[in-house]
Amino acid sequence: MNQAWYSELPEARDEEIRAALDRACARVQRNLPQFTTQYQSACSTDLQYKPIANTDWTNGFWTGEIWLAYEHTQNEQFKNAALIQVRDFERRIAQGIQVDHHDLGFLYSLSCVAGWKLTGDETARRAALMAADKLITRFQEKGEFIQAWGEMGVAENYRLIIDCLLNLPLLYWASETSGDPRYADIAQRHIHTAMNCVVREDYSTIHTFYFDPHSGKPLRGVTHQGNRDGSAWARGQAWGVYGTILSYQYTQDPKILTLFEKISDYYLRHLPQDLVPFWDFDFTDGSSEPRDSSSAAIVICAFLEAARTLDQQKAAYYSRWARQMMKSLLDHYEVKDDSRCNGLLLHGTYNRSTPTNTCRNEGVDECCSWGDYYYMEALTRFLKDWNRYW
Ligand code: GLY
């Protein structure tokens, strides 16, 4: 890659990262009275998160923030609040409340696997294993993939989506903790299928991919949240970056590592000057379209995960990008004025509707709960050798 323009960009220093994590924890603490028996909505509206019940695919991000705040501060108030939510996550999976979709990894890695790793809480472990059991029921033998959404086996639902890569760590963890290889086997078959279908020749990625329910034959790639079928949705590309390095950590499969490097390279080559992508890589400097800061936060986490496993030269390369991207988030995207906003990271985009995609406008240029979560995870990763929840 041409080194010229980015090698001079400033990098976030440890002192400013520590101060930012202190501020983030203080904001999480201020939000606890409103969001302990209820959760932050998926995204803010007019920069305010609203309280919701434990029914969305996003609830785990808020619990994950509370666990990260507990790790950083060792304040028992965070632990107690997070454990209240762990009980609620157990109730949700036991009663089957809004769990007929693939997002169980997002939900249960950050709430219950985290709770188990940090406190040894048996309820947390049991609930996470129940979630993993539920997730593998969505595996389709014909096509070899985990079906993302909707009634199982129906032609209009017979597809995977790139986001699912972040649901796989729950399965790898389940195999590790239970000794039962079935979970990891399904995770590996899914990522193999996904990488064959959603990665284009230029290493941009397709959001969703359909299969024939009768033969399992790969049919076609389409977008749901990207700008158009042929574009690279910025968060989808980020799910690809983080999902591949996490799967590599569990499988040690060099083909997955190569994909991580190539998908990351596409991401970096298409960034605008401030290193925070617009919501789709169809747009860059000069566009009036909104950014998606959450995409950058996800990729910083991925690069820091890569840095602790790759050789020294590559580790330095990805660490430098991570620090440069974080510097941009700290200087231009962190919420500075608590009176205006109860989130952490500005300028995220959840769903941006276009004539050529299938989502409805929601959370455009707002805070997103996963943006806030990955921002805190990234800050944490810079400061210590973090035992990941994934
Ligand atoms: N996994 C859904 C999203 O990234 O919006």
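Values as computed for the structure displayed
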| read-out | value |
| --- | --- |
| Hits in segment 151-171 (condition: of a type in the set (A, V, I, L, M, F, W, C), in contact with a Ser or Thr (Cβ under 7 Å, 6 or more places away or on another chain) and assigned to a helix (DSSP H, G or I)) | I162, L165, L168, L170 |
| Total residues in segment 227-250, condition touching a helix residue (DSSP H, G or I) at 6+ places or on another chain (Cβ under 6 Å) and either in a loop (DSSP other than H, G, I, E, B) or β-branched (V, I, T) (or both) | 3 |
| Any pair with Cβ under 8 angstrom, 6 or more apart, that starts in segment 294-310 at a residue that is of a type outside the set (A, V, I, L, M, F, W, C) and at pLDDT below 95 and ends at one that is within 16 Å of the ligand (Cβ to nearest atom) and outside any loop (DSSP other than H, G, I, E, B) | none |
| Extreme residue, nearest to N54 (Cα to Cα), among residues of segment 99-121 that are in a loop (DSSP other than H, G, I, E, B) and more than 16 Å from the ligand (Cβ to nearest atom) | D121 |
| Search result, residues across segment 1-40 that are under 14 Å from A69 (Cα atoms), touching a residue at least 24 places away in the same chain (Cβ under 8 Å) and among the small types (G, A, S) | A20, A24 |
| Given (1) in a helix (DSSP H, G or I); (2) within 16 Å of the ligand (Cβ to nearest atom), index of the condition A132 fails | (2) |
| Selection count where residues are over 23 Å from the mean Cα position of the chain (by Cα) and surrounded by 14 or more Cβ atoms within 10 Å (Cβ to Cβ), scope segment 35-57 | 0 |
| Breaking point among (1) within 16 Å of the ligand (Cβ to nearest atom); (2) crowded, with 24+ Cβ neighbours inside 10 Å, for R138 | (2) |
| Residue satisfying condition, being part of a loop (DSSP other than H, G, I, E, B) and either within 15 Å of the ligand (Cβ to nearest atom) or touching a helix residue (DSSP H, G or I) at 6+ places or on another chain (Cβ under 8 Å) (or both), within set D282, D274 | D274 |
| Test: residue in segment 56-66 that is of a type in the set (G, A, S) and in a helix (DSSP H, G or I) | yes |
| Every residue from segment 41-58 that is without any contact (Cβ under 8 Å) to a residue 60 or more places away in the chain, within 16 Å of the ligand (Cβ to nearest atom) and among the polar types (S, T, N, Q) | T55 |
| Odd one out for G143 among (1) among the small types (G, A, S); (2) under 27 Å from K217 (Cβ atoms); (3) without any contact (Cβ under 8 Å) to a residue 60 or more places away in the chain | (3) |
| Candidate set from segment 78-130 (those that are surrounded by fewer than 24 Cβ atoms within 10 Å (Cβ to Cβ) and among the hydroxyl-bearing types (S, T, Y)); member that is farthest from T58 (Cα to Cα) | T119 |
| Answer residue from segment 146-162, given it is surrounded by 22 or more Cβ atoms within 10 Å (Cβ to Cβ) and within 16 Å of the ligand (Cβ to nearest atom) and is nearest to N387 (Cα to Cα) among those | I162 |
| Criterion (of a type in the set (D, E), in contact with a strand residue (DSSP E or B) (Cβ under 6 Å, 6 or more places away or on another chain) and either modelled with pLDDT of 95 or more or surrounded by 23 or more Cβ atoms within 10 Å (Cβ to Cβ) (or both)) met by exactly one of D202, D229 | D229 |
| Of residues in segment 334-390 being hydroxyl-bearing (S, T, Y), part of a helix (DSSP H, G or I) and buried (at least 23 other Cβ atoms within 10 Å of the Cβ), the one farthest from the ligand (Cβ to nearest atom) | Y375 |
| The listed residue being among the hydroxyl-bearing types (S, T, Y), within 19 Å of the chain's Cα centre (by Cα) and under 25 Å from E151 (Cα atoms), out of T223, T244 | T223 |
| For D265: the one exception among (1) over 21 Å from the mean Cα position of the chain (by Cα); (2) over 16 Å from V364 (Cα atoms) | (1) |
| Where Q237 falls short, out of the listed (1) within 16 Å of the ligand (Cβ to nearest atom); (2) touching a Leu at 6+ places or on another chain (Cβ under 8 Å) | (2) |
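Conditions tested, residue by residue: (1) in contact (Cβ under 8 Å) with a residue 12 or more places away in the chain; (2) at negative phi; (3) among the polar types (S, T, N, Q).
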{"site": "A187", "(1), (2), (3)": "yes, yes, no"}
{"site": "T193", "(1), (2), (3)": "yes, yes, yes"}
{"site": "S215", "(1), (2), (3)": "yes, yes, yes"}
{"site": "P218", "(1), (2), (3)": "yes, yes, no"}
{"site": "P254", "(1), (2), (3)": "no, yes, no"}
{"site": "T258", "(1), (2), (3)": "no, yes, yes"}
{"site": "L268", "(1), (2), (3)": "yes, yes, no"}
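The values are calculated or read from the model by the stated rules, or taken from the named source; none is laboratory data. Not measured: the values here are computed from a predicted model. In this analysis, Cβ positions are derived from the backbone assuming ideal geometry, glycine residues included, and neighbour counts consider all displayed protein chains.
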